[in-house]
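Worksheet: the structure to be examined is printed underneath.
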Amino acid sequence: MNWLQIQEEWHKLRDAVRESWGELSNEDLAVIDGKRERFISAIQEKYGFARHEAEKRVRLWQKNLKTSLHSINSRV
């Protein structure tokens, strides 16, 4: 899933985001609004990661998102 798809589907992905990033509040998710830079900054702030580490973890999350979404959808 590319970032444009994530941004367009952000409202549908909120549960997947919260499952992976439990420290993010609903307010954080609203502020992020699918914007990659805001997401990285929020991860950096909430988890105390250096910028490069937050970027790395967001890339890994993005890569694994398709698998997570399949798992979530199969439970519904």
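The values are calculated or read from the model by the stated rules, or taken from the named source; none is laboratory data. Being a predicted model, the structure only gives us computed values, none of them experimental. Here Cβ is always computed from backbone atoms with ideal geometry, including for glycine, and neighbour counts include all displayed protein chains.
Please go through the stretch 48-63 and pick out each residue that is touching a helix residue (DSSP H, G or I) at 6+ places or on another chain (Cβ under 9 Å) and assigned to a helix (DSSP H, G or I).
Across the stretch 48-63, the qualifying residues are 51, 53, 54, 55, 57, 58, 61, 62.
Is there any pair linking a residue in the stretch 1-21 that is closer than 12 Å to residue 62 by Cβ to one that is in a helix (DSSP H, G or I) and modelled with pLDDT of 90 or more, with Cβ under 6 Å and at least six apart or on different chains, and which?
Matching pairs, first to second residue: 3/36; 20/61.
Of all residues in the stretch 31-46, how many are in a helix (DSSP H, G or I) and in contact with a helix residue (DSSP H, G or I) (Cβ under 8 Å, 6 or more places away or on another chain)?
Count: 11.
Hey, could you check the stretch 1-30 for residues that are of a type outside the set (S, T, N, Q) and part of a loop (DSSP other than H, G, I, E, B) and say which is modelled with the lowest pLDDT?
The qualifying residue modelled with the lowest pLDDT is 1.
If I ask for residues that are crowded, with 18+ Cβ neighbours inside 10 Å and either under 10 Å from the mean Cα position of the chain (by Cα) or among the polar types (S, T, N, Q) (or both), which ones from the stretch 23-41 would you list?
24, 29, 32, 34, 39, 40
Where residues in the stretch 42-59 are hydrophobic (A, V, I, L, M, F, W, C) and more than 9 Å from the chain's Cα centre (by Cα), which of them is surrounded by the most Cβ atoms within 10 Å (Cβ to Cβ)?
Going through the qualifying residues, I end up with 42.
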